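Every read-out reported here was derived from the displayed coordinates using simple, explicitly stated rules and does not represent laboratory data. Just so it is clear, the structure is predicted and the values come from calculations on it, not from any experiment. Using ideal geometry, Cβ is built from the backbone for each residue, glycine included, and neighbour counts are taken over all protein chains shown.
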Amino acid sequence: MTRTPPAPDTGALRSLLPVLGAHRTTVLRTCLAALADQAALVALVTLAAHTVGTAVVDHRPPAPGTVAVLVALVALRALATWREMDLSHDLAYRVLAVLRVRVFDGLARSAPARIAGRRSGDLAATALGDVEALEFFYAHAIAQLLASGMVFAVSAAVLAALGPWLLLAVVPAALLLIFSPLLEARGRAERGARTRAALAEVSAETVESVDGLRELLMAGALDRRRARLRSAGRRLARAQRAEQSWETGAGAVRDLLVVAAVIGVVAAAAHAATAGQLAGAWAPASMALALGALAPVAESAAALGRAGSLRAAAARVRAAVEAPAGAPRPDAPLPLPAGPLGLRLRGVRFGYGGEPVLDGLDLTVRPGETVALVGASGAGKTTCAHLLARYWDPAEGAVELVPPAPGSPVDLRDLSEAELRAAVSVVGQEAPLFHGTLAENLRLGAPDATEDEVAAVMDICGITPVADALPQGLDTPVGERGATLSGGQRARVALARGLLSGPRVLVLDETTAHLDHRGDAELAEALAAASATRTTLVIAHRPATVRRADRIAVLDAGRVVEQGTWEELTGADGALTRLFSRDGSEERNGQEHGDDRGERNPARADAGGDRPAGVTEAAAPPR
């Protein structure tokens, strides 16, 4: 069983009201249409009841003017209903479109800190399901509450003019209708929270099952996964039944209150008519007026109740929208100087909430230099890449881009997002492709790149023969996460995507791990020939990749403990030699060392470069 989530705070829905500020005119028009709709209905049933009462009591047929007014009220009600529905849903869908973008912006702004450990299906449930659930709140609740309040006030005034005693049956019922959702708001919120949590769990289980269908088939785990899906589905069904059962009961109670109030009005009106205090024709009219006044109040009470159950969805949406930035934007961004750039991590200390992963790290890569960063699993290699991508900022120290002397270094925290992404490109080992064509994936970071620029990058990364072999060339869809390509081909596309933006600093975090040794060597030679001024930091574990660097830095316990060329470090029999000696057996088994918190990466699909899934490569020993 899943743990019952805490009830969301009462301000979650209120916090999402300011998004209506950009639609004030539409909100006003929606409220006016709702008011005309409800007022026309009350006037119609009241006048119709009075007309019937006049015909029965006074034996007078309706006057032509009365008939004309009734017809006009019917037409007005039909027009107002259509207009209110049109305006309210147009408003709601416009607001939801804005909210979806804000949720995405919030997740992007706080990523990867906020999404670390969260399941993609859960995130999708917030971005899609929770936002969609708020449609009722924006389309119906607000305008309905305002309109029903005004209509009830006017109707109560008319009833008071007919006979103050009539209010004794109407006002208590109206107060009970309005306050009952408020009194049980906590219970509604808890039931709504259970439903939203169960729905998010089903979404997460479904997404993971579809995404890992091949692995489940190969492992013979489909039956166990089906059982998990059934269990999650049953929990969702129980939560939905509990919520809907309560809503059905609450609706029955509201109907009983309305009926009891109308019966009270009928009894009071009959007594008043018998005593000569109320004209006979007004007895059915007062009943219809009471019913017409209370019906919108009952609908508003239902809207309040349903809004209360939406607090869980609103809280999840607000948490995403207001997510703090993992790396706040600078108030006054600084420009980067033109020309080559080096990079420097100076006294960097950083951790993921526990023990520091980097503890006083100092590392400098000069402009145009290629440095290989190596270390055991958990040493902090990928954390360095994350800091250079500015997913996080260091707790202490600075990460800087350094121009050639006599230029001054620029802290990444002082750069705008656009300036940073244009200067620094970080390509990871698992860089997923998006559902679209090969060309669209290549142009992801440089949509305005020319055909010649795309062709040049494709040649460098060895994608040209891949594209030539595809049915539609660059216009061939690659499938979700690049499913139609091998692991090595996806790695080449990811690297080309990073190069196409023309970065001055390139960070490769195990990017070529999916390539065989020949492909790795060819790619390294092409990259070296393509730009002699680009600064490159290569995070790698493969000796053949490491030895090609101008300089090697060995990371251990969050600090650089050894630096030098391949010949210098292997000749000294120091940290580098011990590292490759210790990791040699693991490398021969095809295992990766990419997680900075001590966990091994999942076994790679397509480990053998440009070969089909399941074909592995033998690791080459150090030369």
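Dividing the convex hull volume of the alpha-carbon atoms in region 342-588 by its residue count gives 137 Å³ per residue.
Normalising the Debye intensity of region 311-467 to I(0), with uniform scatterers on Cα atoms only, and taking log10 at q = 0.13, 0.14 Å⁻¹ returns -0.82, -0.93.
Taking 0.36 nm per residue of sequence separation and removing the Cα-Cα distance, the Glu522/Asp105 pair yields an extension gain of 146.3 nm. Tell me, rounded to the nearest percent, the portion of alpha carbon pairs in region 12-321 spaced more than 36 Å apart. Looking at region 12-321, the distances longer than 36 Å represent 35 percent of pairs.
Taking the square roots of five times each eigenvalue of the Cα gyration tensor of region 164-258, the equivalent ellipsoid has semi-axes of 46, 10, 8 Å, listed largest first. As an exercise, take the mean of 1/r over every pair of distinct alpha carbons in the chain, invert it, and state the Kirkwood radius in angstroms. Computed over the chain, the radius equals 29.5 Å.
Let me check against my output: what whole-number percent is the relative contact order of region 12-321, with C-alpha pairs under 8 Å and at least 6 apart? Value for region 12-321: 36 percent.
Assign one of three labels to region 366-424, namely rounded, prolate or oblate, based on the Cα gyration tensor with a ≥ b ≥ c the square roots of its eigenvalues; rounded applies when a/c is under 1.5, prolate when it is not and a/b is larger than b/c, and oblate otherwise.
Note, shape of region 366-424 comes out oblate.
In the chain, the DSSP beta bridges split such that about 50 percent are antiparallel, to the nearest 5.
Positive-end ranking of Ala544, Ala395, Ala40 along the dipole of the chain, with charges on Cβ about the Cα centre, is headed by Ala40.
Working value for region 390-499: equivalent-ellipsoid semi-axes of 32, 16, 11 Å, each the square root of 5 times a Cα gyration tensor eigenvalue, largest first.
Extent of region 202-343 along its three principal axes (Cα atoms, max minus min coordinate, largest first): 98, 56, 17 Å.
Summary value for the chain: 15 percent relative contact order, contacts being C-alpha pairs under 8 angstrom separated by 6+ residues. Can you give me the span-like helices of the chain, meaning DSSP H runs with 30 Å or more of Cα extent along the axis and Kyte-Doolittle mean at or above -1.0? Membrane-span-like by this rule: 24-53, 64-110, 142-162, 185-211, 222-274, 282-309.
Here the gap between Thr206 and Ala275, fully extended at 0.36 nm per residue and compared with their Cα-Cα distance, gives a gain of 17.9 nm.
Put simply, the amide H of Glu562, placed in the peptide plane, has neighbours under 5 Å in Val554, leaving out anything fewer than 5 places away on its chain. Could you tell me which of rounded, prolate or oblate describes region 493-576, using a ≥ b ≥ c as the square roots of the eigenvalues of the alpha-carbon gyration tensor, with rounded for a/c under 1.5 and, failing that, prolate when a/b is larger than b/c and oblate otherwise? Because a/c hits 1.5 or more and a/b exceeds b/c, region 493-576 counts as prolate. Rounded to the nearest 500, the helix-only mean residue ellipticity at 222 nm of the chain stands at -18000 deg cm²/dmol, with each DSSP H run of n ≥ 4 adding -39,500 (n - 2.57). Using R0 = 25 Å, the C-beta based FRET efficiency linking Ser245 and Ala78 works out to 0.10.
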